[in-house]
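A.B. asks: Quick one: this structure, given as structure tokens, is what I'll be asking you about.
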Amino acid sequence: MGCSGMAVMPCCRSINTSAVRRGDSVNMGISRGQETQHEVGGLKCEDRLAYENCEDALAKVNPGHRPQAPARPRSRRGDPEAATQLFIDQGAAVTMTEIAARSGTAIGSLYRFFPTRDALVATLLERYTEDLYRALTELEARAATLAPDALADALLGLALDRKAERTAALVLVEITGDEALRARLREDMRQGVADILRQAGTVPAAQASAAAEAVVLLIKAAGSLALQPGSQAALDELRQLLRHYLEQRNRSR
């Protein structure tokens, strides 16, 4: 027994990354399987063992992954570094053998769940986008309760709280060479920030999209600065800039 519609690649994803934040269930070109018992972030598995093995594999190559159901006790956990760090360090030169060695996973087990490196790249990318879209949605839900300075800090946190993940995502997108994916992620980020600004009441609804363009540029700048040694003073200045902008927009309404 394995995962619905995924006889060859049981740990592949079945949700389109561009639809995750909207909560849609969209096929990625893989036939949708029957409704089954267990789910791994959109992947439905027909039996508990397949589900748990898939979660184990993801946790090993990406320790930042949080199982979406209580994990079973494991006698063999390993002491892996994130596979994402290898992609950050080596880019497209990373091999599956190196990933298996770094994560403490048997190469056969790695290939069982990720038959190709592209399959692993796609899974890691979708985990990142799911986490980002979840953060956007959660921030939108509480935006109306935040003062402008707190909202500014939370917006910058979208990048600053995910420095390694964001860097890895940029590398992974580069590896895929998928410009459509890059554009879709950029648009989803802009739309998510626009929704947050509307919900916060910081800017008029008609101006939220344009304001989001400017705010996203500051978020990206913060993410880039955070990777540079000795950049704290510049980050503090950028934080004050965004706080001032949101406060002024809030007052001018």
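The values are calculated or read from the model by the stated rules, or taken from the named source; none is laboratory data. Only a predicted model underlies this, so the values are computations on that prediction, with no experimental measurement involved. For neighbour counting, all protein chains shown are included, and Cβ atoms are generated from backbone atoms with ideal geometry for every residue, glycine included.
A.B. asks: Take the conditions over 13 Å from Leu197 (Cα atoms) and either assigned by TED's automatic domain parsing to the domain that holds Ile99 or touching a strand residue (DSSP E or B) at 6+ places or on another chain (Cβ under 7 Å) (or both) and apply them to Tyr111. Does it pass? Let's see the steps before the verdict.
C.D. replies: Values: over 13 Å from Leu197 (Cα atoms): yes; either assigned by TED's automatic domain parsing to the domain that holds Ile99 or touching a strand residue (DSSP E or B) at 6+ places or on another chain (Cβ under 7 Å) (or both): yes.
Considered against the rule, which asks whether it is over 13 Å from Leu197 (Cα atoms) and either assigned by TED's automatic domain parsing to the domain that holds Ile99 or touching a strand residue (DSSP E or B) at 6+ places or on another chain (Cβ under 7 Å) (or both), Tyr111 comes out as yes.
A.B. asks: Please find, among Leu235, Leu241, the residue that is modelled with pLDDT of 95 or more and farther than 23 Å from Glu165 by Cα.
C.D. replies: Numbers: Leu235 fails: farther than 23 Å from Glu165 by Cα.
Exactly one of Leu235, Leu241 is modelled with pLDDT of 95 or more and farther than 23 Å from Glu165 by Cα, namely Leu241.
A.B. asks: Further, regarding this structure: Just checking, how many residues over segment 93-109 are free of Cβ contacts under 8 Å to residues at least 24 places away in the same chain, in a helix (DSSP H, G or I) and over 15 Å from Val121 (Cα atoms)?
C.D. replies: 4
A.B. asks: Go through (1) at pLDDT below 95; (2) touching a helix residue (DSSP H, G or I) at 6+ places or on another chain (Cβ under 7 Å) one by one and return the number of the condition Asp79 breaks.
C.D. replies: All conditions pass for Asp79, except number (2).
A.B. asks: Separate question: Considering only residues that are in contact (Cβ under 8 Å) with a residue 60 or more places away in the chain and either of a type in the set (S, T, N, Q) or surrounded by fewer than 11 Cβ atoms within 10 Å (Cβ to Cβ) (or both), which ones fall in segment 197-253?
C.D. replies: Within segment 197-253, Asn250 is the sole residue that qualifies.
A.B. asks: Does Leu125 satisfy being touching a helix residue (DSSP H, G or I) at 6+ places or on another chain (Cβ under 9 Å) and crowded, with 16+ Cβ neighbours inside 10 Å? Full working, then the answer.
C.D. replies: Details: touching a helix residue (DSSP H, G or I) at 6+ places or on another chain (Cβ under 9 Å): yes; crowded, with 16+ Cβ neighbours inside 10 Å: yes.
Criteria met by Leu125.
A.B. asks: Given the condition part of a helix (DSSP H, G or I) and farther than 29 Å from Arg184 by Cβ, answer yes or no: does some residue in segment 121-136 qualify? Quick ask: steps written out before the conclusion?
C.D. replies: Keep residues of segment 121-136 that are part of a helix (DSSP H, G or I), which gives 121-136.
In the following step, the residues that additionally are farther than 29 Å from Arg184 by Cβ were identified as none.
There is no residue in segment 121-136 that is part of a helix (DSSP H, G or I) and farther than 29 Å from Arg184 by Cβ.
A.B. asks: Moving on. Suppose the filter is assigned by TED's automatic domain parsing to the domain that holds Ala141 and touching a Pro at 6+ places or on another chain (Cβ under 7 Å); does Leu246 pass it?
C.D. replies: Numbers: assigned by TED's automatic domain parsing to the domain that holds Ala141: yes; touching a Pro at 6+ places or on another chain (Cβ under 7 Å): yes.
Yes; evaluated as a whole, the condition is true for this residue.
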